[in-house]
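The values are calculated or read from the model by the stated rules, or taken from the named source; none is laboratory data. On a predicted model such as this, the values are computed, not experimentally measured, just so you know. Methodologically, a virtual Cβ is constructed for each residue, glycine included, from the backbone with ideal geometry; neighbour enumeration extends over all protein chains shown.
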Amino acid sequence: MLGRDRREGRREERQAFGRGGAATRYQMRSKLLSIGDDSWIEDESGRRVFKVDGKALRVRKTLVLEDAQGNERLRIQDRPIHLRDVMEIEGPDGSSLATVKKAMITPLRDRFTIDVTGGPELSAHGNIVDHEFEIEAEGTKVAEISKKWFRVRDTYGVEVAPGQDDALILAVTVCIDELASH
């Protein structure tokens, strides 16, 4: 039974991710954000979908994820007081939506935990520095991040499974990129 369940899980994953899959693809630039800078997230057709706005003149590092019309969707802030690297994702009203934490011990590969308010805990694992990793919820892949889809330097792709909150997954990816660059 265990082998059958595993095969079924891989079949469902192939239907969502990769060529011809139902996942939504985005293109992001890595480590190009600094305070006061902006960066666009594009969909697979090259259309600007979200903007990451690096807010200047703030005590804490603050990034705002806006839709293409300039409406604030999510706010990302670092939490420098904690023992380990932590970033908070908030809604436009200031409510906490998720907390992204870098794992304290990472013997073989990088790991992050993402505590989602009112949702399942997410985990990110893989080669974070090289942008080759997955985000999972309860053992099921909900996003895949990879540089292999692009030949442009400092560019990577984010595939988000159907039914996921794309803005939240993209904000988590921005947090991981920021935390990994420390």
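Anything in segment 150-163 that is surrounded by 17 or more Cβ atoms within 10 Å (Cβ to Cβ) and either at pLDDT below 90 or over 17 Å from Leu63 (Cβ atoms) (or both)? List them, or say none.
Passing the criteria: Tyr156, Gly157, Glu159, Val160, Ala161.
Collect the residues in segment 85-106 that are modelled with pLDDT of 90 or more and not in a strand (DSSP E or B), keeping them in residue-number order.
Gly91, Pro92, Asp93, Gly94, Ser95
With the requirement that a residue be assigned to a strand (DSSP E or B) and at pLDDT below 90, what does segment 65-83 give you?
Those that are assigned to a strand (DSSP E or B) and at pLDDT below 90: Gln77, Asp78.
If I go through segment 107-137 residue by residue, how many of them are farther than 16 Å from Leu179 by Cβ and modelled with pLDDT of 90 or more?
Qualifying residue count, segment 107-137: 9.
Are there any pairs, at least 6 apart or on different chains, whose C-beta atoms fall under 9 Å, with the first in segment 96-110 and under 18 Å from Phe133 (Cα atoms) and the second at pLDDT below 75 and part of a strand (DSSP E or B), and if so, which?
Close Cβ pairs (under 9 Å, with a partner that is at pLDDT below 75 and part of a strand (DSSP E or B)) amount to Lys102/Asp110; Ala103/Asp110.
Of all residues in segment 31-59, count the ones that are closer than 18 Å to Gln77 by Cα, modelled with pLDDT of 65 or more and of a type in the set (S, T, N, Q).
Going through segment 31-59 one residue at a time, the tally reaches 1.
Suppose we filter segment 118-144 for residues that are more than 17 Å from Gly163 (Cα to Cα) and either of a type in the set (Ser, Thr, Tyr) or in contact with a strand residue (DSSP E or B) (Cβ under 8 Å, 6 or more places away or on another chain) (or both); how many remain?
Adding up the residues that qualify gives 10.
Can you name the residue in segment 164-182 that is assigned to a loop (DSSP other than H, G, I, E, B) and closer than 20 Å to Gly54 by Cβ and is also modelled with the lowest pLDDT among such residues?
His182
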